[in-house]
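Here is the structure we will look at.
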Amino acid sequence: MSALVEMKQISKVYPNGVVANKNVDFAVEKGEIHALVGENGAGKSTLMKVLYGLEQPTHGEIWLKGARVEIPNPHKAIDLGIGMVHQNFMLVPSFTIAENIVLGSEPRKGRFVDRAQAIAATESLSKTYGLQVDPLARIESTPVGMRQRVEILKTLYRGADLLILDEPTAVLTPQETDELFVAVRKLVDQGKTVIFITHKLVEVKEISDRVTVMRHGEVTGRVATADVTEADIARMMVGRAVFLQIDKPPVQRGRVVAEVRNLGYVAETGRPMLRDVSFDVYAGEILGVAGVEGNGQTELVEVMTGLRPATTGEIRINGAPVQGQSARRIRLSGVAHIPEDRLTNGVALDASIAENLAVDRYNRPPFTRHGVLSPGKIKAQAMTLMQQFDIRAAGPDAPMRSLSGGNMQKVIVAREFSAEPALLIAAQPTRGVDIGATEFVHNQLVGKRNEGRAVLLVSADLAEVMSLSDRIAVMYKGEIVGILENGPHLTEEELGLYMLGLKRQEGTRKV
Amino acid sequence: MTRQNALIEAIRIVAVVVIALTIGFVITAIVSKEPVQAYTALLTGPLPRISFENGFEIKNINRFGNWMEESTTLILLGLAVSLVFKARQFSLGAEGQMLLGALATTVVALHISAPFPLHLILALLAAMVVGFLWGLIPGMLKAYLSVDEIVSTLMLNVIALQIFDLLLFNWLRDPTAGFIVTPLFPQSVLLPQMIPGTRVSLMSVLMLVAVVVVWFVMARTPFGFELKMLGANRKFAEYGGINTKRVIALSMAVSGILAGLAGAHLSLGLLKRLTINLSPGLGFEGIVVALLARNDPRLVLAAGLFYGYLRTGAQIMERSSDVTREVVLIIQAIIILLITAEQLFPRFQQWWRARRSSEVAIERG
Ligand SMILES: Nc1ncnc2c1ncn2[C@@H]1O[C@H](COP(=O)(O)OP(=O)(O)OP(=O)(O)O)[C@@H](O)[C@H]1O
Ligand SMILES: [Mg+2]
């Protein structure tokens, strides 16, 4: 076997002085699935951006099929058969899926784009690789999982032989992940090569042939996947043993913090997204919300945090009704919120880290006194939180844009945890976060619970919900079909039956 | 880090100006018989000259005055525009707000009588209130009905102009004058002169105050923070609990206050009466100033002085040489193009920073 791609002694220093890659040697063989793992900010995305021509290395060489190549821009990379699906999607929201896929190399009929052919091409690609999409749907109205498939199809349409997938599973449901893996295997069967970045070591074991581990910008190991255990990989990544098991003292359930009654929400399209949802969250417990993504979890969270108005029903926080109130009032009544899609509303990429950390509290002391805002106080808070939550960045003034995906998530977690909420609503809190940080977030969530706060945890990661929650509410088609006590007796299979709508608890039947 | 940014910014601005002026000179050389003399008029015209021929004397003080007057208006407009642009609201309404501001001062000047400082204060307040309200309209339309502010402000500019003409023709004009002007304003409402021999007035001082106030509002108040977050990501601002509708509406309204003051400067400081065709297009020059200054109020001061200098020099060049004003319009256009060519300068910045930081990195090991 010969290397398809070899990156030799790659170093990358960003303009702000961050050394993201240090003398990295990286090689991928033809026809393999190569996992690239490492903590947040280890330099994985950077290395791949160098390969894709998005960033220029400060030092080093790239060899493709035994010949040295220069990749000054993605255009050249595409010509060389390299395609990349980014961690943060880069699609045009107002275009249809077919239009997005052919964008940049549209089939033409005379002077116009041949729409019929674009749709046909999309459909045939979609069939060949088992990546299901609806060619006519607009990106803005499609779920994340489908956007992901669109990104992959887009690179295939442009003739990529080497596919770089940057944390493709971070945004996927377990089912979608399985589908993706089927597709990836199909790609490899047809002679393609795949580089696969992920934080989930289960996935590394499941799909990859070899794995390269990075840490602080350097490669710390390259091994055949079969030769190592998950714990070995974790140790190479973090430099210490990682405990993936969480210690949780028995639940000390306090008074009720959040009461949700008969909540209904009808989307602008007229589709009912929430139907008669009722539950309580108590102080000192973690209530998990499980369900296949798209069954109303997003709407539930947004209604509860004041980002969407409920159509019917009632929400009380500490006894006071909050439905229909502004996001600020709801925050003031003690609700904090880690949003599921951090790039949409969790951060402002063009603002500084310090500003991002203050968006919910800038108008209160100590940040504002007598109507005067103190940037110094905002910065000081940022320095404290950055240290406390181990956020790796150039400094509190660095723009959010310059952070790695996992560090962005840490900024959000830092802000919401430090708000000292009575109810913490955490939606996909560890999406795209490395194992070290996942461990940290999990411990923090349990810590909040132990402090006697109420936690509502929404996650597509069933393992996460099951390992953290005290009770689990399952959503199906906008309804809660069961609220189950968590414990050793509760199995994934059992939950799965509820998630797929095959089982339903007595007393929840309404429609 | 920030100091380095400031340095890069300064280098960027100087580079833009030098390139633009060089191109301008080439153009002058093509159209003029005496290019050097003409260009000297452009570049040094607005400066006063000190002469010792008859003892100590400052000459051309009126040209210097022109520069200051021009800059005062431009800076007020630049502040108005940078406020809305900071919030990423592309309001182009400064023109109309300025016109109505001038109109409001005229109504107060001619139809209310009061002793000196009171009369002036009333007139300034009228301009500010009218500017505020005329900015509030597109602000509310955008915030609550999602009406695109570019369209609505341009429409409102047209309406403002019609109101201006209507009142001037039918109510405010001096019937005894041979052309369409109002009577001269009474002394009690005029902005006091600050430099003898010029029309530089108290408004230049108020302008400096405005720079400080706008800087303060943007950098040191919760409202300024809200503006910035709205500009950075509206959904994020909403998620954080900011009432973005209120901020959108207020940003345009507050911007109107400054444009209204610019209008008051024209009427109470420069013309001392109202004329038809007050100064078409001036409101849009505020956009140039704001762009030059990257919406930073402190830089608006510098950019306004620079741009005012250029415009004054242009008038002097036009008067004292065979070069027409169009040449300077071309130079202005080149400057705008160079500055808005965002692609060019970030590249340069990147190169500069990468060089510096790789040096640092290598030093560190
Ligand atoms: N455009 C940029 N400008 C400056 N610094 C950057 C930029 N992009 C990334 N960095 C920094 O470089 C380092 C490596 O980032 P990179 O995105 O490669 O990490 P990663 O391994 O992909 O992490 P994650 O798992 O969180 O996505 C981080 O410290 C990050 O803050
Ligand atoms: Mg990354």
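The values are calculated or read from the model by the stated rules, or taken from the named source; none is laboratory data. Computed from a prediction, not measured in an experiment: that's the story for all the values here. Here the Cβ is made from the backbone with ideal geometry for all residues, glycine too, and neighbour counts use every protein chain on show.
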Looking at region A:406-462 only, could you name the residues that are within 16 Å of ligand 2 (Cβ to nearest atom), in contact (Cβ under 8 Å) with a residue 40 or more places away in the chain and touching a Ser or Thr at 6+ places or on another chain (Cβ under 7 Å)? A:THR438
Looking at region A:28-87 only, could you name the residues that are of a type in the set (Phe, Trp, Tyr) and within 16 Å of ligand 2 (Cβ to nearest atom)? A:TYR52
The lone exception for A:GLY496 - which of (1) surrounded by fewer than 22 Cβ atoms within 10 Å (Cβ to Cβ); (2) assigned to a helix (DSSP H, G or I); (3) modelled with pLDDT of 90 or more it fails: (3)
Scan region A:327-343 and give yes if some residue there is among the hydroxyl-bearing types (Ser, Thr, Tyr) and over 26 Å from A:GLY284 (Cα atoms), otherwise no. no
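Given the condition under 24 Å from the mean Cα position of the chain (by Cα) and surrounded by 19 or more Cβ atoms within 10 Å (Cβ to Cβ), answer yes or no: does some residue in region B:174-190 qualify?
yes
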Tell me whether region A:281-292 contains one or more residues that are in contact with a Phe, Trp or Tyr (Cβ under 8 Å, 6 or more places away or on another chain) and free of Cβ contacts under 8 Å to residues at least 40 places away in the same chain. no
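Conditions (1) closer than 16 Å to A:VAL277 by Cβ; (2) surrounded by 17 or more Cβ atoms within 10 Å (Cβ to Cβ); (3) more than 11 Å from chain B (Cβ to nearest Cβ); (4) under 20 Å from the mean Cα position of the chain (by Cα), marked per residue:
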| position | (1), (2), (3), (4) |
| --- | --- |
| A:THR312 | yes, no, yes, no |
| A:ILE317 | yes, yes, yes, no |
| A:SER326 | no, no, no, no |
| A:LEU332 | no, no, no, no |
| A:HIS337 | no, yes, no, yes |
| A:ASP341 | no, no, no, yes |
| A:ASN345 | no, yes, no, yes |
Can you find a residue that is crowded, with 16+ Cβ neighbours inside 10 Å, away from chain B (no Cβ under 14 Å) and more than 21 Å from the chain's Cα centre (by Cα) anywhere in region A:302-310? yes
Within 14 Å of chain B (Cβ to nearest Cβ), more than 16 Å from ligand 1 (Cβ to nearest atom), more than 18 Å from the chain's Cα centre (by Cα) and modelled with pLDDT of 90 or more: does that describe A:PRO72? yes
Before we move on, is A:GLU55 under 14 Å from A:ILE197 (Cβ atoms) and either within 8 Å of ligand 1 (Cβ to nearest atom) or not assigned by TED's automatic domain parsing to the domain that holds A:HIS216 (or both)? no
Restricting to region B:266-298, give me the number of residues that are without any contact (Cβ under 8 Å) to a residue 12 or more places away in the chain and in a helix (DSSP H, G or I). 1
Identify all residues within region A:195-232 that are within 16 Å of ligand 1 (Cβ to nearest atom), of a type outside the set (Asp, Glu) and part of a helix (DSSP H, G or I); write none if there are none. A:LEU201, A:VAL204
Suppose we filter A:ALA27, A:ALA42, A:ALA35, A:ALA3 for residues that are of a type in the set (A, V, I, L, M) and within 7 Å of ligand 1 (Cβ to nearest atom); which single one remains? A:ALA42
From A:ASN73, A:ASN21, A:ASN16, which residue is buried (at least 19 other Cβ atoms within 10 Å of the Cβ) and farther than 21 Å from A:VAL184 by Cβ? A:ASN21
Cβ-Cβ below 8 Å, separation at least six or inter-chain, first residue in region A:362-373 and touching a residue at least 12 places away in the same chain (Cβ under 8 Å), second surrounded by 11 or more Cβ atoms within 10 Å (Cβ to Cβ) and assigned to a strand (DSSP E or B): which pairs? A:TYR362/A:THR368; A:TYR362/A:LEU373; A:PHE367/A:LEU373
Might you check whether a residue that is within 16 Å of ligand 2 (Cβ to nearest atom) and either of a type in the set (Val, Ile, Thr) or assigned to a loop (DSSP other than H, G, I, E, B) (or both) occurs anywhere in region A:145-166? yes
I'm checking my understanding of the structure. Among residues of region A:27-51 that are buried (at least 24 other Cβ atoms within 10 Å of the Cβ) and over 22 Å from the mean Cα position of the chain (by Cα), which one is nearest to the other protein chains (Cβ to nearest Cβ)? A:VAL50
Lone qualifier among A:ASN21, A:ASN88 - being within 16 Å of ligand 1 (Cβ to nearest atom), modelled with pLDDT under 90 and outside the structural domain of A:ALA398 (by TED's automatic domain parsing): A:ASN88
Test B:MET203 against the stated conditions and say whether it is within 14 Å of another protein chain (Cβ to nearest Cβ), in contact (Cβ under 8 Å) with a residue 60 or more places away in the chain, crowded, with 17+ Cβ neighbours inside 10 Å and part of a helix (DSSP H, G or I). no
Residues being assigned to a loop (DSSP other than H, G, I, E, B), away from ligand 1 (no atom under 16 Å from the Cβ) and within 12 Å of chain B (Cβ to nearest Cβ): count how many of those fall in region A:386-432. 1
Scan region A:265-301 residue by residue and report those that are acidic (Asp, Glu) and within 18 Å of the chain's Cα centre (by Cα). A:GLU293, A:GLU299
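Is it true that A:THR384 is out of contact with any Lys or Arg (no Cβ under 6 Å at 6 or more places or on another chain) and at pLDDT 95 or above?
yes
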The listed residue being in contact with a helix residue (DSSP H, G or I) (Cβ under 8 Å, 6 or more places away or on another chain) and farther than 15 Å from A:PRO321 by Cβ, out of A:GLY270, A:GLY291: A:GLY291
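Conditions (1) of a type in the set (A, V, I, L, M); (2) surrounded by 23 or more Cβ atoms within 10 Å (Cβ to Cβ); (3) within 14 Å of another protein chain (Cβ to nearest Cβ), marked per residue:
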| position | (1), (2), (3) |
| --- | --- |
| B:LYS272 | no, no, no |
| B:GLY281 | no, no, no |
| B:ALA293 | yes, yes, no |
| B:ARG298 | no, no, no |
| B:GLY313 | no, yes, no |
| B:VAL323 | yes, yes, no |
Please determine whether any residue of region A:367-382 is more than 14 Å from chain B (Cβ to nearest Cβ), more than 30 Å from A:LYS503 (Cα to Cα) and surrounded by fewer than 24 Cβ atoms within 10 Å (Cβ to Cβ). yes
